[in-house]
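Step one of this worksheet: look at the structure below.
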Amino acid sequence: MSFKPANRIQDLQYFGEFGGVNPSISDSSTYTFLSAKTMFDTFEGNADGCYLYSRHSSPSNLYLGEALAAMEGTETANVSASGMGAITPVLLQLCQAGDHIVSSRTIYGGTYAFLKNFIPRFQINTSFVDITKLEVVEAAINKNTKVIFCESISNPLLEVANIAALAKIAKKHHIKLVVDNTFSPLTISPSILGADVVIHSLTKFINGSSDTVGGVVCGTQEFINQLRNVNDGACMLLGSTMDSLRAASVLKNLRTLHIRMKQHSKNAMYLAQKFELDGLKTVYPGLKSHPSHELFNTMMNTEYGYSGMLTIDVGSLDKANELMELMQKKSLGYLAVSLGFYKTLFSAPGSSTSSEIPLEEQKEMGLSDGLIRFSIGLDDDIERTYQMMNQCMKQLNILSLH
Ligand code: PLP
């Protein structure tokens, strides 16, 4: 694929107020107008380049949004205070009472809880499907369906969505394909593959420092304008706005994303191959044994690899907990949720990030007790990391089980 997302970030030029190489931070919640007429026009959305109030938009947030839109190849983008602060307004903007959503059943637990427990209070209902079965996805669409929702690489099972095929289905039924690309920035470009809206939790790989939560919606100018509309825009009215200071710091971190993704991917590939050779049940899109490995190859921007997320199954929750505690003790990473940090993070999703999903549904989708989700870090010496992890597994008799 010839799309070069990192070049598009690199090509952006900034001139701060005093000629700085970084844009000046707009540390204001409100903006003055020289004439009352311009203020009125801005309220009406007819005064381009004018700022009104920072919940609506601010220069720092626009800079970050434009960089993320460049990365995803969309017309524009709107940043928000968290990933959930991006997902929830998008779905509420696209759906009215009586509407229906078709969603992948393996998605981040918070998104699942929103669709399953929260949004039905507005008479918006969701069918959860196996997103890898295109005929099942299409069969779930009914006359009220407005959205197909999925993650490019799903949390936590690392299922891969066939974005181009899903986009075709969405177009055929005149509905929107919304893709959460949090697990695979740069690697997958959903919009280029046909998605209508691309969302990220910036909290993860994109910011990469585990020092903030943040989110973004990338899409057409028309859709982003709708989200920001002062009368009925879900971003404007629900108020999940990113702070300007934070937008400036996320923008600075975004510039090293390509280097970090390559290292996350390289390290994850190394460990996944080693774990698999050791006989561990390992899931990683870069492994030939992954059911969607070939599909992933057709979708990916090759130079960034298969991203930094992998899972292993160590048989039981007790074993998973023992292993994670031991690895943390040996400074191999943190027993923590989230992803995209310089250190490896590991958690057992069934009892943490996917605990919102009822146990029997977890079982049905293949989310087992002993599953450990790894966000592989930027370790310079991954071979040493592997040797130490292998020692931990041997000490706990995990490898002898396989
Ligand atoms: N999407 C995915 C795939 C996630 O993993 C998460 C959080 O873990 C979110 C969205 C929510 O993001 P945030 O925590 O920034 O609201």
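Read-outs: derived from the displayed coordinates by stated rules, not from any lab. Since this is a predicted model, take the numbers as computed values, not measurements. Counting neighbours? That spans all protein chains shown, and the Cβs are built from the backbone with ideal geometry, glycine included.
Which shape class applies to the stretch 300-400: rounded if a/c is under 1.5, otherwise prolate when a/b exceeds b/c and oblate if not, where a ≥ b ≥ c are the square roots of the Cα gyration tensor eigenvalues? Spell out each step's value before the answer.
Working: a/c = 1.84, a/b = 1.18, b/c = 1.57.
In terms of gyration-tensor shape, oblate.
Suppose the chain between residue 331 and residue 144 were pulled fully straight at 0.36 nm per residue; how much longer would it get relative to their current alpha carbon spacing? Intermediate results must be reported in sequence, preceding the final value.
Numbers: separation 187, 0.36 × 187 = 67.32 nm, distance 5.10 nm.
Extra length available between residue 331 and residue 144 comes to 62.2 nm.
For the chain, what proportion of DSSP beta bridges, expressed in % and rounded to the nearest 5, is antiparallel? Let's see the in-between values first.
Details: 22 of 41 bridges.
Of the beta bridges lying entirely in the chain, close to 55 percent run antiparallel.
Straight-line reach from residue 363: which aspartates and glutamates have Cα under 14 Å away, leaving out those fewer than 8 places along the same chain?
Partners found: 130, 313.
Please determine, in degrees from 0 to 90 and to the nearest 10, the orientation of helix 59-72 with respect to the longest principal axis defined by the Cα atoms of the chain, where the helix direction is its Cα long axis.
With rounding to tens, the tilt is 50 degrees.
What do you get for Rg/Rh of the stretch 104-253 when both radii come from the Cα atoms and Rh is the Kirkwood radius?
Working: Rg = 15.7 Å, Rh = 16.4 Å.
Over the Cα atoms of the stretch 104-253, Rg/Rh equals 0.96.
Checking the cross-link filter: which aspartates and glutamates have an alpha carbon closer than 16 Å to that of residue 252, excluding same-chain neighbours under 8 positions apart?
Cross-link targets: 11, 66, 211, 243.
Run the Debye formula on the Cα coordinates of the stretch 81-131, all scatterers equal and no solvent, and tell me log10 I(q)/I(0) at q = 0.27 1/Å.
-1.14
Once both axes come from the Cα atoms, what is the angle between helix 257-277 and the longest principal axis of the chain, in degrees from 0 to 90, rounded to 10?
20
Using Cα positions and a limit of under 27 Å, work out the lysines in reach of residue 168, with same-chain residues fewer than 8 apart set aside.
4, 116, 133, 143, 146, 176, 288
Using only the alpha carbons of the chain, determine the length spanned along each of the three principal axes and report them from longest to shortest in whole angstroms.
So the extents along the principal axes, rounded to whole Å, are 76, 53, 37.
For the stretch 116-184, what class follows from the C-alpha gyration tensor (a ≥ b ≥ c being the square roots of its eigenvalues): rounded when a/c is under 1.5, otherwise prolate if a/b is larger than b/c, else oblate?
Details: a/c = 1.76, a/b = 1.17, b/c = 1.51.
Because a/c hits 1.5 or more and a/b fails to exceed b/c, the stretch 116-184 counts as oblate.
Based on the alpha-carbon set only, what is the convex hull volume of the stretch 1-40 divided per residue, in Å³?
154
Give me the distance in nm between label points sitting 7 Å out from Cα along the Cα-to-Cβ direction at residue 399 and residue 7, one decimal.
Using points 7 Å along Cα→Cβ, the separation is 4.4 nm.
Rule-of-thumb check for the stretch 183-222: C-alpha Rg over 2.2 N^0.38 Å?
Values: Rg = 11.2 Å, N = 40, 2.2 N^0.38 = 8.9 Å.
Relative to the 2.2 N^0.38 Å estimate, the stretch 183-222 comes out at 1.25.
Taking only C-alpha pairs under 8 Å that are 6+ residues apart, what is the relative contact order of the chain in percent?
Working: 815 pairs, mean separation 67.2, N = 402.
17 percent.
Within the stretch 250-272, which residues have the backbone N less than 20 Å from the label spot 7 Å out from residue 14 along Cα→beta-carbon, could you tell me?
250-261
Which net charge results for the neighbourhood of residue 233, defined as the other residues with beta-carbon distances under 14 angstrom from its beta-carbon, given Lys and Arg at +1 and Asp and Glu at -1? List each step's numbers first, then the result.
Details: positive: 55, 228; negative: 44, 222, 232.
Once all neighbours under 14 Å are counted, the net charge is -1.
Once every DSSP H run of n ≥ 4 in the chain is given -39500 (n - 2.57) and the sum is divided by its residues, what mean residue ellipticity at 222 nm do you get, rounded to the nearest 500 deg cm²/dmol? Spell out each step's value before the answer.
On the way: 15 runs with 146 residues, N = 402.
Result for the chain, helices only: -10500 deg cm²/dmol.
Note the angle between two axes, namely the Cα long axis of helix 317-329 and the longest principal axis of the Cα atoms of the chain, as a number of degrees from 0 to 90, rounded to the nearest 10.
In the chain, helix 317-329 runs at an angle near 80 degrees to the longest axis.
Mind putting a number on the dipole of the chain about its Cα centre? Charges go on the C-beta only, +1 for Lys and Arg and -1 for Asp and Glu, and I need it in Debye to the nearest 20.
Working: 33 positive and 38 negative charges, 55 e Å.
Result for the chain is approximately 260 debye, rounded to the nearest 20.
Roughly speaking, what is the stretch gain from residue 36 to residue 259, that is 0.36 nm per residue apart minus the C-alpha to C-alpha distance, in nm to one decimal?
75.5 nm
Ranked by Cβ crowding within 10 angstrom, fewest neighbours first, how are 392, 50, 95 ordered?
Listed from fewest to most nearby Cβ atoms, that is 50, 392, 95.
Taking K and R as +1 and D and E as -1, what net charge do the other residues with C-beta under 9 Å from the C-beta of residue 320 add up to? Before the final figure, lay out the partial values.
Values: positive: 319; negative: 313, 318, 322, 369.
Net of charged neighbours comes to -3.
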